[in-house]
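Only the coordinates and a few stated rules stand behind these numbers; no lab work does. For clarity, every value in this text was computed on a predicted model and none was experimentally measured. Positions of Cβ are generated from backbone atoms using ideal geometry, with glycine treated the same way; all protein chains shown enter the neighbour counts.
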Amino acid sequence: MNKIISEHKSVLESLQSEYQSYGKILIALSGGVDSCLAAFLGRRFLNHENAIAVISNSASLKERDYEIAVEFCKEHDIKYEVVYTNELEDSNYTSNPENRCYFCKNELYDTLNKLASSKYNNYNIINGNNYSDLGDYRPGLESATEQNVLSPFINCQITKSTIRELAFHFNLSVWNKPASPCLSSRFPYGEEISLEKLGRVEKAETILNEFGFNEVRVRSYGDSAIVEVPKEQVSQLDKLFIKIKEEIISIGFIDCEIDKEGFVSGKMNRVLNEL
């Protein structure tokens with residue numbers, strides 16, 4: 001037996017039991033490795049008609065992540081639905097408070113619950129939240145609890161590293177995909193979120209991708225962009241930065257700098273520890 005699966009045989013058995021206890025499920029699919037594995041296992045454990053992926057095509061989701069989610073479903077014969085969420089119509093979200101993620105997830109889960117009521121009666125809603133998420137600031141977890149959304153990876157104590165190992169074993173193309181959180185996470189708390197600003201950040205990160213940088217963040221402070229790539233790639237970014245800065249300014253930013261510290265996930269949350 002494959003070494004990874006041999007080590008995690010009990011994990012898969014636990015997950016299978018967990019999924020089968022749900023009966024029928026709608027999976028909130030964002031295109032990341034966590035939710036993709038959640039959808040894949042749903043298809044594997046519950047069959048085609050009992051595990052439906054639901055992809056939210058919203059302004060805060062990168063277009064590429066939406067495309068990856070759709071492609072993943074087609075590749076693995078996963079039935080899917082596309083819904084449209086309207087978090088940008090909620091001032092609680094666009095004002096960008098510290099618990100912004102709560103309002104985003106609330107809109108998503110409310111939309112999924114309405115879909116379940118209207119079309120998929122007796123289907124439980126699940127997400128790809130994992131056990132490692134419990135150690136981070138994630139106000140969206142509160143919304144999941146309130147809206148009766150299930151988290152099989154949390155319930156079975158499955159960490160992010162184990163998710164990647166399982167995704168690799170099952171040859172899922174997303175197994176090493178960098179995390180790609182909501183585009184609104186690029187803005188400091190308190191700065192208003194708008195469709196235009198989200199689009200500008202997405203374009204800036206696409207520019208970096210086109211220059212060969214895969215794991216990137218463009219933090220937006222007003223009209224200034226701060227670029228993050230992994231620490232070991234900062235020197236490479238420095239060599240290409242004149243051209244990169246020129247292109248980023250051409251899409252609407254007035255200034256652009258490199259964060260010499262390098263990429264750090266959740267950097268915008270540091271301010272919370274200072275309060």
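Within region 47-67, restricting attention to residues that are in contact with a Cys (Cβ under 8 Å, 6 or more places away or on another chain) and outside any loop (DSSP other than H, G, I, E, B), the residue that is farthest from Lys197 (Cα to Cα) is Ala53.
Tyr189 fulfils the conditions (1) within 21 Å of Tyr66 (Cα to Cα); (2) in contact (Cβ under 8 Å) with a residue 24 or more places away in the chain; (3) not in a helix (DSSP H, G or I) except for a single criterion, (1). Of all the numbered requirements in (1) of a type outside the set (A, V, I, L, M, F, W, C); (2) in contact (Cβ under 8 Å) with a residue 40 or more places away in the chain; (3) surrounded by 15 or more Cβ atoms within 10 Å (Cβ to Cβ), Ser151 misses one, and that requirement is (2).
Only one entry of Tyr137, Tyr84, Tyr102, Tyr93 meets the criterion of being touching a residue at least 24 places away in the same chain (Cβ under 8 Å) and either out of contact with any helix residue (DSSP H, G or I) (no Cβ under 6 Å at 6 or more places or on another chain) or closer than 19 Å to Val33 by Cα (or both), and that entry is Tyr84. Name the residues in region 73-95 that are in contact with a Phe, Trp or Tyr (Cβ under 8 Å, 6 or more places away or on another chain) and crowded, with 19+ Cβ neighbours inside 10 Å, would you? Listed by number, the residues that qualify are Cys73, Ile78, Glu87, Tyr93. The sole residue among Ile158, Ile125 that is touching a Leu at 6+ places or on another chain (Cβ under 6 Å) and crowded, with 20+ Cβ neighbours inside 10 Å is Ile125.
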